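The values are calculated or read from the model by the stated rules, or taken from the named source; none is laboratory data. Fair warning: this is a prediction, and the values are worked out from it, not measured in the lab. Cβ placement follows ideal geometry from the backbone for every residue including glycine, while neighbour counts extend to all protein chains displayed. Areas reflect the complete protein model, heavy atoms only, side chains present, ligands, DNA and RNA absent. Shrake-Rupley method; radii C 1.70, N 1.55, O 1.52, S 1.80 Å.
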Amino acid sequence: MSRLEKKLSLWQQNNLISKEQFESIKNFENQNSNLHLFYALLSLGVFIISLGLISLIAANWNEISNPVKLTVEFILLFGLSGAAFIAYNQSQKLIFEIEIFALFFLIGASIGLNAQIFQTSGSLDDGMLLWAVFSAPLLWLSPKKLIPLFWVPIALYGLFENYNFLLWLENLVEYITQTFGYPMATATLILFYTIIGTLFRYLQKQLSQPFALLSVLSGYCEFFIYFSALIALIAEFSLGMMIVSVTTFALGCSYHYCVNSKKLMNFNISMVGVCFFIAYLKLFSDLTATGIGLIISGIIFLGLIFITKKLIKYLNTKGKADVK
């Protein structure tokens, strides 16, 4: 029995849904899951075919004349754009998503092709920036997160390399590290990602309909928050760094508990355990001492959870009694 069926069975046993509702919800979710799998497999197929075509063309590149290359390029661009437009008008959502996904990569390939044919003096970051600019309209056409997942790193690479933002950020982190220490620099970086990610989530809530790019951007910010907290602890272990990392994952756990995201809540709890494991590996010379230390810490941790649960239950009971 799947997790969904277990939850629906529990709801049915508690008279929250009827047997007919149980079957309707299960059939709907199974159908939706199958569509997601089908979409993922089709996307993978398009990606593999694209790589195959690129490899085939690359193998015979010198044998193809420039006019032929440009002609084929524009035929593919206009043909794929027209096919996507037809699919959109006919409400063929799955085909439309696959076609604009292929169009996204074709735009990047076209920029590279034109740079090679006309011998432009642009660099890789210029090409990435152009790719991001010309493919930006596709972000508004698709509600899926697949294109934004690729578009964001391409756009960031083009922007950061062109405007030396990474160099500025690196100098800022280095200045904070030298002035206030490694933990403070890491905390500042995590705070920066948190503010940016919160801004993206806020903008998403203000929109009348979901915008996949904002969800992807907030997801990338959250990834870099966790990445910074863990890597910094491994690279430069100290009590201050331990406090920063554990606090980061504890706050992440609290946030995902509030928004009822159980998977990410469990992930953050697990990462707190990983932080303690790293700490014991750094502090003790062998795994035996590490194991003993982890067992003691685990017992204390479970005791605190038990006491906290009892305290919350007591306060809730007392609050209800006061209301009566």
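Of the two radii for region 75-133, the radius of gyration is 1.10 times the Kirkwood radius, both from the alpha carbons; that is the Rg over Rh value. Computed over the alpha carbons of region 130-275, Rg followed by Dmax gives 16.8, 48 Å. Give me the percent of Cα-Cα pairs in region 120-208 that sit more than 23 Å apart, rounded to a whole number. Result: 43 percent of Cα pairs exceed 23 Å. Seen through its C-alpha gyration tensor, with square-root eigenvalues sorted a ≥ b ≥ c, region 55-179 comes out oblate because a/c lies at 1.5 or above while a/b is not bigger than b/c. The three principal axes of the Cα atoms in region 227-270 give end-to-end lengths of 33, 14, 13 Å, sorted in falling order. Over every Cα atom in region 176-228, the radius of gyration and the widest Cα-Cα span, Dmax, amount to 13.6, 45 Å. Solvent-accessible area of residue 94, all protein chains in place: 50 Å² (probe radius 1.4 Å, heavy atoms, ligands and nucleic acids excluded).
FRET efficiency for the pair residue 282 and residue 85, taken as 1/(1 + (r/R0)^6) with r the Cβ-Cβ distance and R0 = 41 Å, rounds to 0.10. Residue order by solvent-accessible surface for 69, 93 is 93, 69, largest first, with ligands and nucleic acids left out and a 1.4 Å probe. Counted residue by residue at 0.36 nm each, then reduced by the alpha carbon distance between them, the extension gain from residue 170 to residue 55 reaches 37.7 nm.
When only alpha carbons of region 195-296 are considered, Rg and Dmax amount to 16.5, 56 Å. Stretched out straight at 0.36 nm per residue, the stretch from residue 62 to residue 95 would grow longer than its current Cα-Cα span by 8.5 nm. With coordinates expressed along the principal axes, the C-alpha atoms belonging to region 204-255 extend over 46, 20, 11 Å, beginning with the largest. Each peptide in 170-182, 102-114 was scored by the mean count of other Cβ atoms within 10 Å over its residues; highest first, the order is 102-114, 170-182.
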